[in-house]
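Below you'll find the structure, written out as structure tokens, and then a few comments.
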Amino acid sequence: MVRRRTIKRLHKLKEMDQQSDNQQNNNTTLQELILDNFSDCDDLVHRTFPELSISIIYFLHLVNDQLLKMELLEPLYHASEEASLPFLRRSNFHKSDDEKKLIDGILKGEAVVFHKEQAYLINISGPKQREIQPSETETTITGPHEGFVESSEINLSMIRRRVRSSHLKINEIPVGEVAKGSVYVLHIKGIANDEIVNDLINRIEKIEIDAVYDSHILTQLIEDQPNALFPQFMLRERPDAIAAALVEGKVIIVLDGSPAVIITPSSFFDFFQTGDDYYQRWITGTATRLLRFGAFMITIGFTALYVAVTSFHYEMIPQSLLTTLAGSRSKVPFDPLYEALIMEVTLEFLREAGARLPTKVGQTIGIVGGIVIGQAAVQAGITSNVLIIVVASSAIASFVVPSYVMSASIRLTRFGLILLAGLLGNLGIVIGLTLLVIHLSSLTSVGAPYLAPLSPLFKKDWCDFLIRAPYSLMKTRPAIPRSSNKKKMK
């Protein structure tokens, strides 16, 4: 009996030794697999501490030097082999044997610490980032001046500071097959519609693409009508605007690496609103907003109206202006249609050149180039003085539209109206505007109507539509998010 017990003990000891050897071999294999995944990566750091049986793997430019020194290097330099294991039991060390999780952690700026047969992850990330600055695309006179940056952690912290509520929920979704990134879907539970939230999450999860570098690319992958002319998602770079949208019941999408944050569902009229509308007196805000809608009408139809009138409808021109217009066009060899197209295309050349050149040079090109080319064109008899005024007015009016993406779509629509006006006169303008309204009416933003609250009609939302009513009248949340919560804002 004693012999049998001794034999059993020997077998158990052998099994324990084999398990220990297998664990050590698996750990060695895991470390080798990780190093093999990052082969030919000269920026990968692999430090070893033979006396402690510890090795560390991390990317030097993704970690914070101070955290690396304080959390890892200094403790390990002063640690003994007996004290190394308690050191790794601290709360900031997370044990893991998943190869994919370890690789993702390294790519996010974490360090992997191998100790004998165990592997640990410690978050010491801290890459160089742009400091919080005012947004260059959304300037404001009054109100907060903070703008989003490329770091999703900083952007989410700015949103959390403004919406201090436990009901603010954030869902992280990985995106990108090669260059892996993170997309965060934010909503306030109980206010936002759960159907919209789930629909957006499903759309993002179904994305199959190598990489998504910017929010503008993401919107084109998840919008309802990818071939539509107008944008279906509003993008903002101001935390105060995002906080206000969350409280209204809308859903927010934050992409790591992009300073533009997506607001959905969005309507056509949201693209004409700015933060200054709400920070100024309601009368001033209303006047400014009406001015933007007037600028929209001038941008889209002023040049087309000039072409239609000078080509087909001279009777619409006042007698005093008709003489001046006839004298101005007497030396122009082109029809009004070709004349307008030449000047509009030239203006787009100047606009694009000014945007691509350095700031100081671009401003000079835009101002001096426009004056010189316009004056030279009039003197050469290529165009008339009146058309120069019309084209310049349309260009200035296009800059009044706050959203650059919407402004680009409006400018493109203008060319279609000019062509129809040159072919059919005022009838062409009416046909073009009708097609435009039909197109806008057919669009949706995550299922929500694009022309709300005008079509379908939501009378309660007219307090923040063409006008910005006093806050005493804006007590209900907008109907466009289709929220089931109809309680008043507190």
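The values are calculated or read from the model by the stated rules, or taken from the named source; none is laboratory data. No experiment lies behind these values; they were computed from the predicted model shown. Virtual Cβ from ideal backbone geometry, glycine too; neighbours counted across all protein chains shown. When the accessible area is computed, the model is the full protein with side chains, heavy atoms only, and any ligands, DNA or RNA have been set aside. Shrake-Rupley method; radii C 1.70, N 1.55, O 1.52, S 1.80 Å.
For the list (1) open to solvent by 20 Å² or more (accessible area, probe 1.4 Å); (2) closer than 30 Å to residue 191 by Cβ; (3) charged (D, E, K, R), I need the number of the one condition that residue 411 fails.
(2)
Does the range 30-64 hold any residues that are in contact (Cβ under 8 Å) with a residue 40 or more places away in the chain, within 35 Å of the chain's Cα centre (by Cα) and open to solvent by 60 Å² or more (accessible area, probe 1.4 Å), and which are they?
If the condition is that a residue be in contact (Cβ under 8 Å) with a residue 40 or more places away in the chain, within 35 Å of the chain's Cα centre (by Cα) and open to solvent by 60 Å² or more (accessible area, probe 1.4 Å), then 37, 61 are the ones that fit.
Of all residues in the range 153-181, how many are modelled with pLDDT under 90 and either at positive phi or open to solvent by less than 30 Å² (accessible area, probe 1.4 Å) (or both)?
Looking only at that region, the number is 2.
With the requirement that a residue be over 27 Å from the mean Cα position of the chain (by Cα) and over 23 Å from residue 344 (Cα atoms), what does the range 287-320 give you?
Scanning the range 287-320 gives 287, 315, 316, 318, 319, 320.
In the list 74, 146, which residue meets the criterion of being open to solvent by less than 90 Å² (accessible area, probe 1.4 Å) and not in a loop (DSSP other than H, G, I, E, B)? Break it down stepwise before answering.
On the way: 146 fails: not in a loop (DSSP other than H, G, I, E, B).
Criteria check complete, one pass: 74.
Residue 43: in contact with a His (Cβ under 7 Å, 6 or more places away or on another chain) and acidic (Asp, Glu), yes or no? Spell out the reasoning first.
Working: in contact with a His (Cβ under 7 Å, 6 or more places away or on another chain): yes; acidic (Asp, Glu): yes.
It is true that residue 43 is in contact with a His (Cβ under 7 Å, 6 or more places away or on another chain) and acidic (Asp, Glu).
Just to confirm my filter: which helices (runs of 4 or more DSSP H) fall fully inside the range 352-455 and include at least 2 residues that are within 33 Å of the chain's Cα centre (by Cα) and modelled with pLDDT under 90?
Numbers: elements: 359-379, 385-398, 404-424, 426-442.
So the answer is 359-379, 385-398, 404-424.
Just the residues that are touching a Ser or Thr at 6+ places or on another chain (Cβ under 8 Å) and open to solvent by 60 Å² or more (accessible area, probe 1.4 Å), please, taken from the range 467-477.
Passing the criteria: only 467.
Residue check: is residue 349 part of a helix (DSSP H, G or I), more than 19 Å from residue 391 (Cβ to Cβ) and open to solvent by 20 Å² or more (accessible area, probe 1.4 Å)? Talk me through it step by step, then tell me what you get.
Values: part of a helix (DSSP H, G or I): yes; more than 19 Å from residue 391 (Cβ to Cβ): no; open to solvent by 20 Å² or more (accessible area, probe 1.4 Å): yes.
So residue 349 fails the test.
Need pairs with beta-carbon distance below 6 Å; first residue more than 18 Å from residue 193 (Cα to Cα) and within the range 153-176, second open to solvent by less than 90 Å² (accessible area, probe 1.4 Å) and assigned to a loop (DSSP other than H, G, I, E, B); sequence gap 6+ or separate chains.
Hits for this filter: 155/148; 175/207; 175/212; 176/211; 176/212.
Residue 135 is checked against (1) among the small types (Gly, Ala, Ser); (2) open to solvent by 40 Å² or more (accessible area, probe 1.4 Å); (3) in contact (Cβ under 8 Å) with a residue 24 or more places away in the chain and fails just one. What number does that condition carry?
Answer for residue 135: the failing condition is (2).
Can you list residue pairs whose Cβ atoms sit under 7 Å apart, with the first residue in the range 180-193 being more than 21 Å from residue 162 (Cβ to Cβ) and the second being open to solvent by 10 Å² or more (accessible area, probe 1.4 Å) and of a type in the set (Lys, Arg)? Count only pairs 6 or more apart in sequence or on different chains.
193/482
When you check residue 213 against the structure, is it among the aromatic types (Phe, Trp, Tyr) and assigned to a loop (DSSP other than H, G, I, E, B), yes or no?
Values: among the aromatic types (Phe, Trp, Tyr): yes; assigned to a loop (DSSP other than H, G, I, E, B): yes.
Spelling it out, residue 213 is indeed among the aromatic types (Phe, Trp, Tyr) and assigned to a loop (DSSP other than H, G, I, E, B).
Pairs only if they're at least six apart or on different chains, beta carbon under 6 angstrom, first in the range 139-152 and at negative phi and touching a residue at least 12 places away in the same chain (Cβ under 8 Å), second open to solvent by 50 Å² or more (accessible area, probe 1.4 Å) and among the aromatic types (Phe, Trp, Tyr); list them, first residue then second.
Close Cβ pairs (under 6 Å, with a partner that is open to solvent by 50 Å² or more (accessible area, probe 1.4 Å) and among the aromatic types (Phe, Trp, Tyr)) amount to 142/279.
Taking the residues in the range 83-111 that are at pLDDT 90 or above and part of a strand (DSSP E or B) as candidates, determine which candidate is surrounded by the most Cβ atoms within 10 Å (Cβ to Cβ).
111
Being surrounded by 14 or more Cβ atoms within 10 Å (Cβ to Cβ) and within 30 Å of residue 37 (Cα to Cα) narrows it down to one of 240, 224, 214, 199, so name that one.
Numbers: 240 fails: within 30 Å of residue 37 (Cα to Cα); 224 fails: within 30 Å of residue 37 (Cα to Cα); 199 fails: within 30 Å of residue 37 (Cα to Cα).
None of the others qualify; the one that does is 214.
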